[in-house]
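Take a look at the structure set out below.
Read the figures in this text as sums done on the coordinates, not as results from a lab. Keep in mind the model is a prediction, meaning the values are calculated, not measured.
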Amino acid sequence: MQLGVTMPMSTQPIRLFPKMARAAEDAGFDAVWDFELYENPLVVLAAAAMTTSRIQLGTGVATALSRTPFELANAAADVDELSEGRLILGLGLGIPGLMMTLHGAEVDHPLGRMREYTQILKQCWQYMADESPANYVGRYYRFITPPVNPLGSRGLKRKIPLLLGGMNTKMIQLAGELGDGLVGGGYSKLYVQDQVLPNLAKGAERSGRELADLDTVTQVICCVSTDRDEALRRARIHVGQLVANPVQDGIVAAHGLQKEVAEVRDALARGGPAALGDVTDDKLIETFSIAGSPEECRAQLQGWDGLIGHIMLHTPYVPPLTPEETEDAYHQILAAFARRLPN
């Protein structure tokens, strides 16, 4: 099982992210990941590429609906070239409410949009590699190459790994069909076993592949500290915000945790995010996170072995956690799971 860590986006000055990426490389992690809130995740990884030399650089995830397929294909190619072939592009549609309000993007028919976007994205990369012509006119997107290209081929040399995000079964199947694998978040081990892997295999079969041909990556909230009580407080806050989102309802129901989630939502409505540190039940923490002392967290990580090929230890960052707390949480993860000491 490969091990990655997410940088706590939008909680730190952007100048610190390259240093954080280097710290993850020095600690022996396989990959460092970011995700899209305010900062452009590819800009952040471009900066990280300049301070690192070995570690993989992943978006977990970049949003599709906020940019055209060609723009994303080009930006990803920039980062891949700058990092000498270390980019992993994790791609999701984006949070519908934010896509509609902040970006003014259409969010209807998400499965159809993601299918077309992915197909065009791969055609864009092929065009950049060898000027392969394309005339794709879909319901939502189009990609038509010019009859004469005065710029010539970009000379893209590597097939950039493309992982598609998915929570529901149809999106997971699409990742198996069109992606190089799946990038997820908010999963439980039971959900991975009963829903994620079977549906990923079903999608892979559509394209003549097997589950073993695909990469599997998921975020798991990780709250680790030498101060165990502080680790659990952070876990209650972040897990509480996770399960309050209705997108988690199916997984919550599979575990029979509806009562515990109802208590979280009631606390949020009455006292805001600060109330979560007191009310999020231990059963939710155990289901949706790795949390506790370094020794406890290392033992909990082993429970994912054999289910997922690459675990992103997801740094807690949501309010009311402070920037100082999120920075500490990140470095506590590096210390607890370091595979080698810095030079």
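Numbers below:
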{"item": "Tilt relative to the chain, helix 258-271 - C-alpha long axis, 0 to 90 degrees, to 10", "result": "90 degrees"}
{"item": "Antiparallel bridge percentage (DSSP; both residues within the chain; nearest 5)", "result": "10 percent"}
{"item": "3J(HN,Hα) from dihedral phi, the stretch 316-324, Karplus parametrisation 6.51/-1.76/1.60, rounded to Hz, x for glycine, proline", "result": "x, 9, 6, x, x, 4, 8, x, 5"}
{"item": "Sequence-distant residues sharing a close amide H with Q56 (under 5 Å, placed H)", "result": "A31, V32"}
{"item": "Phi to ³J(HN,Hα) by Karplus 6.51 cos²θ - 1.76 cosθ + 1.60 over the stretch 327-332, Hz, x for Gly, Pro", "result": "5, 4, 4, 4, 6, 5"}
{"item": "Helix-only CD estimate at 222 nm, as mean residue ellipticity for the chain, using -39500 (n - 2.57) per DSSP H run (n ≥ 4)", "result": "-13000 deg cm²/dmol"}
{"item": "Angle in degrees between helix 69-82 and the longest Cα principal axis of the chain, rounded to the nearest 10", "result": "80 degrees"}
{"item": "Top of Y127, Y140, Y38 by mean-square fluctuation, Gaussian network on the chain, Cα under 10 Å", "result": "Y38"}
{"item": "Whole-Hz ³J(HN,Hα) from phi, Karplus 6.51 cos²θ - 1.76 cosθ + 1.60, for the stretch 51-66, glycine and proline x", "result": "10, 10, 9, 10, 5, 6, 10, x, 9, x, 9, 8, 9, 7, 5, 8"}
{"item": "Whole-Å distance, taken between Cα centres, linking the stretch 27-66 and the stretch 295-343", "result": "16 Å"}
{"item": "Under 26 Å from the Cα of K157 - lysines, other chains or at least 8 residues apart", "result": "K122"}
{"item": "Listed candidates (i) 21.1; (ii) 17.4; (iii) 16.2 - label of the one calculated as mean projected area of the Cα convex hull in nm²", "result": "(ii)"}
